[in-house]
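Asker: This is the structure I want to talk about, given as structure tokens.
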Amino acid sequence: MWRYLAKRLLLAVPVLFGVSVVVFAAIRLIPGDPAQIMAGQAATQEVVEEIRRSLGLDQPLPVQYLYFLRNVLRGDLGRSLFNGAPVVEELGQRFPRTVRLALASMAVATLIGIPAGIAAATHRLSWVDTLVMVLALVGVSIPVFWLGLNLILVFSVRLGWLPAFGYETWRHLVLPSVTLGTASAAVIARMTRSSMLEVLGQDYVRTARAKGLPERAVVYRHALRNALIPVVTILGLQLGTLLSGAVLTETVFAWPGIGRLLVDAVLARDYPVIQGTVLLIAATFVALNVAVDVLYALLDPRIRYA
Amino acid sequence: MNRVLSGVGILALLVALSLPGQSAPAAPQPGGVLIVGRGVDSVTLSPYATAAPDAEVIAHVAETLYELTPEGRIVPKLAESMPRVSADGRTMTIRLRRGIRFHDGTPFDAHAVKWNFDFILNPENRVPFRGILLGEVASVDVLDRYTVRLHLRRPFVPLLAHLTHDFLAIHSPAAVERAGGMRPPNGEPYGRQPVGTGPFRLREWVRGDRIVLERNPDYWGPRKPLLDQIVWRAIPDDGARVLALEGGQVHVAVRVPPRETTRLALNRALRIDRTNSVRTIFIAFNNQKFTDVRVRQAFNYAVNKRAIVQTVLGGAARVSDAPISPGIVGYAPIQPGGWPYDVNRAKQLLAEAGYGGGLTVTLLHPTGRYVQDAAVAAAVQAQLRAAGIHARLQTMEWAAYLAYTNQPVDRTPVEAFMLGWGTVTGDADYGLFSLFHSSQWAPAGFNRAFYRNPQVDQLLDQARSELNPARRADLYKQAMTLIWRDAPWIFLHSESQTTGVRREVQGLVVHPTERILAHTAWLRR
């Protein structure tokens, strides 16, 4: 198990290295000049050149990359070209907010999605099943900004129960996490349902029923645990997506997380911020994948890592 | 029961107390926190700033020598009186107000002014607006503790207007020192903790989220600040910002989208403020490709500016009647009502120029940079078609757009493009010289239209050194008349700033230079 973990973590090194090369090259291939944007549209060419020099953007690309890599290895992701803030500091401030939003959304998604999926599977082809599946379809189809703005309209403007934006307290967390969790809840419900249906048709479930176990025990003790394995995979992927920043939700609710940071950085061609954020997201994904694999083993004793 | 009764009693008392207050004109009440919702956060609150969201916060913390009033007049601020300009126009002597202190307690005097200007003038410090604002200033002298003299390379009348610009606000030299200085490109680390003489001082800045200012109880000015705090919050989504205003979480929402104004006008808790902006929107031709003036004029005849302003912009704009907009020193209406809409005249001019069979042009436009920019471009496209002009629309994300339209004349593939220009100094020079003088062709300057008219060049040069205001205004009028006839642009409109304000907010100023000013604002309770 430990050897397996070590191997997986070692494998993350080439992955992150690859990500760093691709990001570094890709953002420099798109047109647009950070020095020009920073100087403002009125700036003269001379000023733009000066800024470019002061940012080291006049150096050859491989040289710029090596500097970047050296600094990353020292734990320094550079400074924002725009506001001069250290990228590590910026991410340290914003990532926890994104994590908070992601976990809350995940809680919403799981608490709705798994029970709904189980209910649909155990009441297959009944009205419960139809209702869950229709809601799931609606849930994945609703545009996030539409849902978010409508939730604000009802709960903030009309009823005045919850704040429209901000991130300070748990009350600020409710609307964004519902907005963000809805689509994930729908995906999880569908996955749970199909996985449960498959398991419920298995021999051991029939055996369990034949033993005379109550239906609750059959569903929750025997079927659910096995049905959860593919669901855990989906949960991991969903959480990864949520942790990489939900741009639309963060924009609608003015939630200063890393999603908005990344989009703003791309629009401003703020290279160090883009690089740092993407590296952080890649690292998060790698870590989550390892975590999911470990969870498999806990859920299914047949799975062993060597 | 008792509690209910006493509750009713208190309520009745409150109603009784509030009745006389409603009929009498309200006296300004001190206290309270004003929350302003805007789309973006500031970048830096130092002389390294480059945009209006920086300027409006700086304007509360640090002050300039002179001030541009919303009506377009220049009045003394940290200066005691208007400057004395020598007969040859090469020196400007400014008397400063006495007894003013920075927020850190250090005195404001001629040395502080010299320190600030010297810092900006030093090329090594790479202050972005150095050339634009102080390019003609050679040096600064301290004559006595409260008098400074600026020495100019050549007479440069717009300098007075430039001294009203927030990027030339006077910061505390001691505070800059204590913060660890200002470094290019964005004035870090001082830029995050500015210290000036203004009515408010910085309390907290959470990047990407909020800036909190608090009242400066020792403010020197005659009109003391009333608010306890001003908070700017970054709410990037237009719809969410409007909802936050309706829900009462912000008192002011900037850039309300035109489609929302009709609905908001019905809300009695709010009012919609429409203030002209000094930002002019135009479609520039590549004048070295469109060399025939008849063709350029035909485009102007073919576009119905009035219809665009009424329908696409919901009235939140003003049809251009000159290359710059009202409220700018040197503005004069060149063609009242704007360039006339006359499709037949357009067709006739095109036929004369040899384009009777029609004409195809690629029209570039940004999306989301200016109010309804993409919709305006689409409307222009539809109107041009009636005159036999086929416009292909092409849009680009802003950073790419800026770079694409900034290529030198021998390399640029650009035919026509939409842009906006804010004359933020409030002086015609800034709105005309960079855009129309032939020395300013891109990429050296902002003349991305590659317009050249030697007469215009000469007039713009002359106006820079003309000390007599009336003669100077006349030079600009002549230059603008020539520019108008040459039609290097399709002259579209100047934007209005549409700001949603809650009723309880009093004394707020929406300045034409796209700044929300709350110096004397207060909240009615």
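No value in this document is a laboratory result; all are computed from the given coordinates. Everything quoted here is computed from the prediction, not taken from an experiment. FYI the Cβ positions are ideal-geometry reconstructions off the backbone, even for glycines, and counts take in every protein chain you see.
Asker: Are any of the pairs B:K305/B:K477; B:K305/B:K347; B:K77/B:K477 more than 25 Å apart by Cα-Cα distance, and if so, which?
Answerer: Working: B:K305/B:K477 22 Å; B:K305/B:K347 17 Å; B:K77/B:K477 29 Å.
Among B:K305/B:K477; B:K305/B:K347; B:K77/B:K477, the Cα-Cα distance tops 25 Å for B:K77/B:K477.
Asker: I would also like to ask the following. At q = 0.06 Å⁻¹, what base-10 log of I(q)/I(0) does the Debye formula yield for chain A when every alpha carbon is treated as an equal point scatterer in vacuo?
Answerer: Debye output, listed in q order: -0.28.
Asker: Sequence-distant or interchain residues sharing an amide H contact under 5 Å with A:D270, placed H: which?
Answerer: none
Asker: Between the DSSP loop rule and a limit of at most 12 other Cβ atoms within 10 Å, which trypsin sites (Lys or Arg not before Pro) in the range B:176-235 are left?
Answerer: Listed in order of number, the matching sites are B:R223.
Asker: Right, next: Restricting to DSSP loop positions (anything but H, G, I, E, B) with no more than 13 other Cβ atoms inside 10 Å of their own Cβ, which trypsin sites (Lys or Arg not before Pro) remain in the range A:172-220?
Answerer: Passing sites in the range A:172-220 are A:K211.
Asker: Moving on to the next point. If each residue's Cβ is checked for other Cβ atoms within 10 Å, how do A:L11, A:L228 rank with the fewest at the top? Don't jump to the answer; show the numbers that get you there.
Answerer: On the way: A:L11 13, A:L228 21.
Listing A:L11, A:L228 from fewest to most nearby Cβ atoms yields A:L11, A:L228.
Asker: Still on this structure, I have one more. Please identify the trypsin sites (Lys or Arg not before Pro) of the range A:25-99 that satisfy two criteria: DSSP loop assignment and at most 10 other Cβ atoms within 10 Å. Which are they?
Answerer: Of the trypsin sites (Lys or Arg not before Pro), the ones in loops of the range A:25-99 whose Cβ has at most 10 other Cβ atoms within 10 Å are A:R74.
Asker: Residue by residue through the range A:170-187, what is 3J(HN,Hα) from phi via Karplus (6.51 cos²θ - 1.76 cosθ + 1.60, θ = phi - 60°)? Round to whole Hz and write x for glycine and proline.
Answerer: Coupling constants for the range A:170-187: 5, 5, 5, 7, 4, 4, x, 6, 5, 4, 6, x, 4, 5, 5, 4, 5, 4 Hz.
Asker: Still on this structure: Could you please rank A:F145, A:F253, A:F17, placing first whichever residue has the fewest other Cβ atoms within 10 Å of its Cβ?
Answerer: A:F17, A:F145, A:F253
Asker: With the Cα gyration tensor of chain B giving a ≥ b ≥ c as the square roots of its eigenvalues, does the rule (a/c under 1.5 for rounded; else a/b larger than b/c for prolate; else oblate) give rounded, prolate or oblate?
Answerer: oblate
Asker: The protein assembly as shown: Rg/Rh from Cα coordinates, Kirkwood Rh?
Answerer: Radius of gyration over Kirkwood radius for the protein assembly as shown works out to 1.02.
Asker: Taking θ = phi - 60°, what integer Hz values does the Karplus form 6.51 cos²θ - 1.76 cosθ + 1.60 yield along the range B:447-454, in sequence order, with x for Gly and Pro?
Answerer: After applying 6.51 cos²θ - 1.76 cosθ + 1.60, I find 7, 7, 8, 6, 7, 8, 9, x Hz.
Asker: For the range B:257-394, with only Lys/Arg (+1) and Asp/Glu (-1) charged at the beta-carbon, what is the dipole magnitude about the Cα centre, in debye rounded to 20?
Answerer: Taking the Cα centre of the range B:257-394 as origin, the dipole is about 300 debye.
Asker: About the Cα centre of the protein assembly as shown, what is the dipole size in debye to 20, counting +1 per Lys and Arg Cβ and -1 per Asp and Glu Cβ, all else neutral?
Answerer: That gives a dipole near 1820 debye.
Asker: So what's the back-of-envelope 222 nm ellipticity for chain B, counting only DSSP H runs of four-plus at -39500 (n - 2.57) apiece and dividing by all residues, rounded to 500?
Answerer: Computed mean residue ellipticity for chain B: -9000 deg cm²/dmol.
Asker: Could you tell me which of rounded, prolate or oblate describes the range A:223-306, using a ≥ b ≥ c as the square roots of the eigenvalues of the alpha-carbon gyration tensor, with rounded for a/c under 1.5 and, failing that, prolate when a/b is larger than b/c and oblate otherwise?
Answerer: oblate
Asker: Could you run the Karplus curve 6.51 cos²θ - 1.76 cosθ + 1.60 with θ = phi - 60° over the range B:101-107 and give me ³J(HN,Hα) per residue in whole Hz, x for Gly and Pro?
Answerer: 10, 6, 4, 8, x, 6, x
Asker: Let me ask something additional. Go ahead and run the numbers for FRET between B:A27 and A:W146, Cβ-Cβ distance against an R0 of 60 Å, rounding to 0.05.
Answerer: 0.85
Asker: Taking every DSSP beta bridge that has both residues in the protein assembly as shown, what percent is antiparallel when rounded to the nearest 5? If you can, show how the numbers build up before the last one.
Answerer: On the way: 62 of 82 bridges.
Of all bridge pairs located within the protein assembly as shown, approximately 75 percent are antiparallel.
Asker: Then there is this: What translational diffusion coefficient, in µm²/s and rounded to a whole number, does the Stokes-Einstein relation yield for the range B:37-132 at 4 °C and a viscosity of 1.567 mPa s, taking the hydrodynamic radius as the Kirkwood radius over Cα pairs?
Answerer: In µm²/s, the coefficient is 84.
Asker: Projecting each Cα onto the charge dipole of chain A (Lys/Arg +1, Asp/Glu -1 at the beta carbon, about the Cα centre), which of A:V199, A:V278, A:S80 comes out farthest on the positive side?
Answerer: Of the listed residues, the answer is A:V199.
Asker: If you build a Gaussian network model of chain A, linking Cα atoms that sit under 10 Å apart, which residue out of A:E215, A:E198, A:E90 swings the most?
Answerer: So, out of A:E215, A:E198, A:E90, the one fluctuating most is A:E215.
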